[in-house]
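Asks: Below is one structure. I have some questions about it.
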Amino acid sequence: MDILVIGRGKMGREVAELAAERGHRVRGLLGSADNPGGRGLTPDRLGGVDVAIEFTRPDAVVANLERLIAAGVPVVTGTTGWTDQLPAVRALVDRHRAALLHSANFSVGVQLFLRAARELAARFAGRPEFDAFILEQHHRAKRDAPSGTAARLRDLLRGADPAREFPVTSVRAGSMPGTHTLVYDGPHETVTLEHAARSRRGFAAGALLAAEWLAGRRGFYSFEDMLFGAER
């Protein structure tokens, strides 16, 4: 496939490197200087692109998506911190009969972790002797807190056990790619469920898997849709 990568940060560079290793043609790796306000996404640059993969910032993502959707380029985005604008973007996808796949986390392991956490929450429902909370830790450069994955985790847990708040504590330090921990702490015992990423390569592999799946489709999707389909 011909892939355009938007975002020259660590994730964008990882995606571009892995795409080339897998035999895809990387048509460009655009940073903010190449694409201010989405204006670098011109018809000439987008011509022949099969799918775009976007990892930028909350203040840049919507302009990028608007241009890509209008141009009919399927897009996979992993940018977080802008979920309040998702309904408007989804409506734009429907209006243009375009294709967009959005996820806060492209790790297959994280998606399985989320499903396991939801099941665990259902089992702990009605046991008030246990306090439940979420701890998420990321590198110092991550801007949003809580992370998109932590917010998604909290939503799933509250759906399974509405009586609990599931407070989130966020840590931003060092260079860790990301760790999410669900803890149930009781008077005499503690139960912990955790996912720890060892590198960004797993996220890049998931984003490429999503891009390969999305090409040729129309509609608004999540990574869960791709992985589990009707099993959700």
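Asks: Step by step: find N for the chain, compute 2.2 N^0.38 Å, then divide the Cα radius of gyration by it. What's the final number?
Replies: Taking N as the residue count of the chain, the ratio is 1.06.
Asks: Also, I was wondering about something else. How much of the accessible area of region 58-123, probe 1.4 Å, is carbon plus sulfur, in whole percent?
Replies: Whole-percent figure for carbon plus sulfur exposure: 50.
Asks: Taking the Cβ-Cβ separation of Ala88 and Lys10 as r and a Förster radius of 22 Å, what is the calculated FRET efficiency to the nearest 0.05?
Replies: Once the sixth-power term is evaluated, E becomes 0.20.
Asks: Once both labels are modelled 7 Å past Cα along the beta-carbon direction, what's the Thr192-Glu129 spacing in nm?
Replies: With each label point 7 Å from Cα toward Cβ, the separation is 2.2 nm.
Asks: Under 14 Å from the Cβ of Thr190, count the other residues' Cβ atoms, weight Lys and Arg +1, Asp and Glu -1, and hand me the total.
Replies: Charge balance near Thr190 sits at -4.
Asks: What is the antiparallel percent of DSSP beta bridges lying wholly in the chain, to the nearest 5?
Replies: So the antiparallel bridges in the chain amount to around 40 percent.
Asks: How large is the accessible surface per residue of region 1-134, computed with a 1.4 Å probe and reported in Å² as a whole number?
Replies: 46 Å²
Asks: Using amide H atoms built 1.01 Å from N in the peptide plane, name the residues 5+ places from Ile53, or on other chains, whose amide H lies under 5 Å from its own.
Replies: The list, which skips near neighbours in sequence, is Leu4, Val5, Ile6, Val76.
Asks: Leaving ligands, DNA and RNA out of it, report the carbon-plus-sulfur percent of the accessible area of region 166-221 at a 1.4 Å probe. Please list the in-between numbers first.
Replies: Values: 1410 of 2780 Å².
The nonpolar share, carbon plus sulfur, comes to 51 percent.
Asks: I would also like to ask the following. Work out from phi, with θ = phi - 60° and the Karplus expression 6.51 cos²θ - 1.76 cosθ + 1.60, the ³J(HN,Hα) of each residue of region 126-135, listed in order in whole Hz, and give x for Gly and Pro.
Replies: x, 10, x, 6, 9, 8, 10, 7, 10, 10
The values are calculated or read from the model by the stated rules, or taken from the named source; none is laboratory data. Please read all numbers here as calculations on a predicted model, not as lab measurements. Using ideal geometry, Cβ is built from the backbone for each residue, glycine included, and neighbour counts are taken over all protein chains shown. Surface accessibility is based on the protein's heavy atoms, side chains included, excluding ligands, DNA and RNA. Shrake-Rupley method; radii C 1.70, N 1.55, O 1.52, S 1.80 Å.
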